[in-house]
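Right, one structure below, let's go through it.
The values are calculated or read from the model by the stated rules, or taken from the named source; none is laboratory data. Small disclaimer: the values here were computed from a predicted structure and weren't measured. Heads up, the Cβs are rebuilt from the backbone with ideal geometry, glycines too, and the neighbour counts pull from every protein chain shown. For accessibility, only protein heavy atoms count, side chains too; no ligands or nucleic acids. Shrake-Rupley method; radii C 1.70, N 1.55, O 1.52, S 1.80 Å.
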Amino acid sequence: MTPLELAQKYMDCLFETGNLEELRNILCDDFVFIGPLFQFHSVDSYLISLRIDPPKNFNYRLIKSYGDITTACLLYQFSKPGISTPMSQLFETRNGKISRILLVFDTDKFKKP
């Protein structure tokens, strides 16, 4: 799979199917996730977090995507009840799997009044 195909598969797993085993198959064992609210430095810690607090009641609308030989970037509008904000994810790949994700968004949208 190309980096863009891997990024789309990742989004499908999170936003559509919720299939964490399928997600595990496309992530490197030493997978790193860096975001403004959470950071994980292994695939296991990331998947445990998703099992404990699974994403729910949210969706996205892709605005733009691009990629090269080892990376992909998705810009999308994230929505869930009471929140809508643009987000961007940079996916780095290695040996046909996602090795690192950098997630960027405005955390103020998620603060409770």
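Tabulated data
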read-out	value
Rounded, prolate or oblate (a/c below 1.5 giving rounded, otherwise prolate when a/b exceeds b/c) for the range 2-104 by Cα gyration tensor	oblate
Net charge of neighbours whose Cβ lies under 13 Å from the Cβ of THR85, counting Lys and Arg as +1 and Asp and Glu as -1	+2
Hz values of 3J(HN,Hα) by residue in the range 31-39 - Karplus curve (6.51, -1.76, 1.60), Gly and Pro given as x	3, 10, 10, 10, x, x, 10, 9, 9
Where the chain is the region considered: accessible area per residue in Å², 1.4 Å probe	60
Magnitude of the charge dipole, the chain, Cβ model with Lys/Arg +1 and Asp/Glu -1, debye to 20	400
Given charges at Cβ of Lys, Arg, Asp, Glu: the chain dipole, positive-most of GLY35, THR2, ILE83	ILE83
Using alpha-carbon coordinates, inclination of helix 3-12 to the longest axis of the chain, degrees	50
Overall form of the range 8-59 per C-alpha gyration tensor (a/c, 1.5; a/b vs b/c)	oblate
Per-residue SASA entry for ASP29, accessible area with 1.4 Å probe, Å² rounded to 10	120
Accessible-area composition of the chain, carbon plus sulfur, in percent [1.4 Å probe]	54
